[in-house]
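The values are calculated or read from the model by the stated rules, or taken from the named source; none is laboratory data. If you're wondering where the values come from, they're calculated on a predicted model, not measured in any experiment. Reconstructed Cβ throughout: ideal geometry from the backbone, glycine too, with neighbour counts over all protein chains shown. Heads up: the accessible areas ignore ligands, DNA and RNA and are worked out on the full protein's heavy atoms, side chains in. Shrake-Rupley method; radii C 1.70, N 1.55, O 1.52, S 1.80 Å.
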Amino acid sequence: LSWSPDGELLSAVIHVGSNVAETHEESPVFDLAIVSPAGTVSATLATEVGMWATPQFSPNGGRLLFGRATVPYQSATSSYELVTIDRDGSNRTTVYAPQSHAGLDLPEWVWSPDGNQIAFIELGDISVLDLSTGAVHTLTNEGGGVALRWR
């Protein structure tokens, strides 16, 4: 779960059935949804994102950052790309899709406080993506990164 900064919405990865004969627990399908705590808003923003999509609202609450499984029906072991989407479901954009290998193995990413950059862990190294230019700068090279917090 991720709260919007104004506290009006929650984003979550929802386990959904992929066909009539399958229960939600047996299904390999996970969608990205938002809901208001009062239950007045409920919407699916993206389908088949994967179980480790880990949505995060931007600091101003206007966009969501999430991972999209490259193999959505095997998302437990799939690698992920980074995607942004407006909170109304429009303007879906892949902001980082690694070219040199399959993608991000574990979903660990965070917005910068101003919402202009995203830090993420790839192959154990911390990288920063500038959303305005698309430039990626790798900050470490020893492969030991496991968690992020932007201060």
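When residues in the range 57-69 are screened for being farther than 10 Å from Ser4 by Cβ and assigned to a strand (DSSP E or B), 6 of them pass. Please determine whether any residue of the range 46-56 is open to solvent by less than 30 Å² (accessible area, probe 1.4 Å), of a type in the set (Val, Ile, Thr) and not in a strand (DSSP E or B). Yes, some residue in the range 46-56 is open to solvent by less than 30 Å² (accessible area, probe 1.4 Å), of a type in the set (Val, Ile, Thr) and not in a strand (DSSP E or B). Does Pro98 count as surrounded by 19 or more Cβ atoms within 10 Å (Cβ to Cβ), free of Cβ contacts under 8 Å to residues at least 60 places away in the same chain, within 17 Å of the chain's Cα centre (by Cα) and part of a loop (DSSP other than H, G, I, E, B)? No; evaluated as a whole, the condition is false for this residue. For the range 129-148, the set of residues classified as without any contact (Cβ under 8 Å) to a residue 12 or more places away in the chain and under 16 Å from Pro98 (Cβ atoms) consists of Ala135, His137, listed by residue number. If the condition is being among the acidic types (Asp, Glu), open to solvent by 70 Å² or more (accessible area, probe 1.4 Å) and modelled with pLDDT of 70 or more, then the range 101-115 contributes only Asp114. Figure legend. Inter-residue proximity from the range 34-61: first residues within 20 Å of Ile118 (Cα to Cα), second residues of a type in the set (Val, Ile, Thr), beta-carbon distance below 6 Å, spacing 6+ or different chains. Indicated pairs: Ala53/Val13. Among the residues making up the range 131-142, a single one is of a type outside the set (Ser, Thr, Tyr) and open to solvent by less than 40 Å² (accessible area, probe 1.4 Å): Ala135. Could you please let me know if Leu65 is over 18 Å from His15 (Cα atoms) and crowded, with 20+ Cβ neighbours inside 10 Å? The answer is yes for Leu65.
Do we have any residue at all in the range 80-89 that's buried (at least 18 other Cβ atoms within 10 Å of the Cβ), charged (D, E, K, R), modelled with pLDDT of 85 or more and outside any strand (DSSP E or B)? Yes; the residues of the range 80-89 include at least one that is buried (at least 18 other Cβ atoms within 10 Å of the Cβ), charged (D, E, K, R), modelled with pLDDT of 85 or more and outside any strand (DSSP E or B).
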